[in-house]
Each structure stands twice: as structure tokens, then as C-alpha cells.
Amino acid sequence: MKLSQLRALIAIADTGSFSEAALDLGMSQSSVSEALSALETHLQSSLVERGRFGARLTPLGQQVLIHARAALGAIEGIEQEVTLSRGSIQGTLRISTFRSIASQLIPKVMAQLKQHHPKLQLELLECMMCEKEDLLRPVFDGTADLAFLPQCESSEFMSWEIMEDPYMVLVPDAWVHRATIRPEDLVDQPLIVSKGGDCTNRIMAYLADHQLSPTEIIKVHDDFTMYNMVAQNLGICLSPRLAIDYVPRGATMLPLEVPLSRYISLAVRQGGLRTPAVRHFIMALKGLLPESKLPFLETVQCHTWT
């Protein structure tokens, strides 16, 4: 069994096509096919189904894929340890995340890391709906090293709560009449929310806890659409503070009189703390968020990195 064969299997799984896998690997399509055939011959098992639908892994192929990713991850970890011994980390750090963390938090951490490790690459796997299952799936299948989770920790992986993210209310300027927004104020105007997802569920639970029901709910796909609708006096919206990248002219951001927050956690794949890029990312994040529950990895011994 060769690493090139495992890389071929992973590329086929990721692209669903021998031709696309060949492009990703910089190989000919025949070379990819030969590598897969050699792997299947070695294992005496079929790993990929071929047909009009393209290329699809068999159930056994899906299981082999998990180990193939882990094997290549271990190889990358070895390479990172070697380059770190020379003063700098090389390789790719893959993070499963959602928009507000991707735009507000990760760039600050990576800017610090890049000062010392300029050749470290970052790959963001962004989830639109902020659902725990979607965010953790790349960690389960080995395509991500870390996952940021809103309002939940992971029992399957090592995880730590890193910060509280309070909800704020955006209201039209013409509607501002107090320094804070009471729960009952939220039903005086149409409520603009995202179509489904973690945040909308949390907002509706907050209103239910206060026995309130909006007279009108407007559902949209995009956060920026919500903010601009508020600026046009079409309603109000609640959003986590991190998700509010800007407040458009005509809108004002105010706190809730009865707070509502989400708590952000960071989960690490099994064995992830053995990888230099993961360790140094967590160390940089701890420096940015010293009050978080992240560990001080400088004081952690290698035998505890699981």
C-alpha cells in the first residue's frame, strides 16, 4: 500500500470523479485509475463504484477513507514537526467554522500565526446554518482538524468553551426610544429572522420563554439582507454580536434588557493536539482570549495529547 494510492482514493471521494481527481493531484486520469486499482488489488476489495453517476465509494470504501485521511494526516503531522524543529511550521490547517467566527475571530488568530509561520496555510470549511452535526462532520471524516461550535460542546471530541457571544437588537433609527430593548418590545415591529438554523431557533425559544409571539415574521437567507431591511424601517432583528459585521445607516444596535447569549466552543479531532499547527493555533487563540477555557498547552505533557 502506497501513500499515492491513498491520495488517489481521497481525491476520488472528494471530487466524485476520476478526471477531477486527476486535476487535483496533477496526474493523468489513467494514473489515478491505476493507483486505485492497485489499492483495491492489495486489499482484495472494491472501494469505488463507477457508473453514469461518476465515482462513488462503496460502504467499505467509506470506512477505508477515514483511515486513509488519518494516515495522511499523520504524515503531515510528521512533516510539520520536522519543519517546526527548523523554526517554522509548514502545511495546512483545516477548520470547520461558521461565518461570524470566520470573519471576526479566525483572521486575528491567523495574523499572529503567520508572523512566525508564514508558510502555514489555512483552509476554512464554512457551514451556512451553524448546525452542530454539519460543523462536526468534517472532523469525523478527517477533512478538518478543528471545529468551532455555537452553543454546544462535543462529547465525541475534546472541546472547550472559548467565549460568550451576546445577542444584540438592530432597530430602525426612527424607532429608537430607549437605551435597551425589553422582551415585549420585540413584538412591536415585524421580526426579521434567518430561514431556519441555530440562531433562529434560539431567538424563538427566547420569545417563548417570555410568552411572546411576534405579530409578523419575515424570513430571509442572508444576515446583510436583515440588517438593510431594518435600516429601511421594515422591522427589527436579533443577531449575535460577532455576526454583526456592520450597522447600516438608518439602523441602531442596542442590547437586550434581559440578556440572551450563545457560547462558542472549539472541538479538536482525535489526536489533533499532536499536530503542531493545531497546537500553535490553540496557543494563539488562548493569547487572544485569555479568559477562555482553552488549556495552556505550553504546560501540557505529550502523553496527555489525545
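The values are calculated or read from the model by the stated rules, or taken from the named source; none is laboratory data. No experiment lies behind these values; they were computed from the predicted model shown. Ideal geometry is used to build each Cβ from the backbone, glycine not excepted, and the neighbour counts take in all protein chains shown. Remember, those area values only see protein heavy atoms, side chains included, never the ligands or the DNA or RNA. Shrake-Rupley method; radii C 1.70, N 1.55, O 1.52, S 1.80 Å.
Values computed for the structure shown
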quantity: Relative contact order (%) - segment 115-216, alpha-carbon pairs under 8 angstrom, separation at least six; calculated: 25 percent
quantity: In Å², nearest 10: area of residue 175 left accessible to a 1.4 Å probe; calculated: 40 Å²
quantity: Per residue solvent-accessible surface (Å²) - the chain, probe of 1.4 Å; calculated: 49 Å²
quantity: In order through segment 178-187: 3J(HN,Hα) via Karplus (6.51 cos²θ - 1.76 cosθ + 1.60), integer Hz, x for Gly, Pro; calculated: 7, 7, 10, 10, 7, x, 5, 5, 6, 9
quantity: Residue order for 199, 237 - accessible surface, 1.4 angstrom probe, largest first; calculated: 199, 237
quantity: Cβ-placed point charges (K, R +1; D, E -1), dipole of segment 135-292 about Cα centre in debye, nearest 20; calculated: 400 debye
quantity: Selected from 9, 109, 66, residue furthest toward positive end of dipole (segment 1-110; charges at beta carbon); calculated: 109
quantity: Cα-centre dipole for the chain with unit charges at Cβ (Lys and Arg positive, Asp and Glu negative), debye to 20; calculated: 680 debye
quantity: Residue (of 196, 166, 186) at the positive-pole extreme of segment 137-258, dipole from beta-carbon charges; calculated: 186
quantity: Segment 60-188, relative contact order [Cα under 8 Å, separation at least 6], %; calculated: 24 percent
quantity: Fraction of accessible area attributable to carbon and sulfur, the chain (%, probe 1.4 Å); calculated: 52 percent
quantity: Long pairs among 132/195; 195/293; 114/286, criterion Cα-Cα beyond 20 Å; calculated: 195/293
quantity: Mean Cα-pair separation over length for the chain, i.e. relative contact order, pairs under 8 Å, 6 or more apart, %; calculated: 20 percent
quantity: Potential lengthening between residue 187 and residue 63 on full extension [0.36 nm per residue; Cα-Cα distance subtracted]; calculated: 39.6 nm
quantity: Net lengthening on full extension, residue 28/residue 45 (0.36 nm per residue, minus Cα-Cα); calculated: 3.8 nm
quantity: Contour minus Cα-Cα distance for residue 180 and residue 123 (0.36 nm per residue); calculated: 16.6 nm
quantity: Magnitude of the charge dipole, segment 179-268, Cβ model with Lys/Arg +1 and Asp/Glu -1, debye to 20; calculated: 180 debye
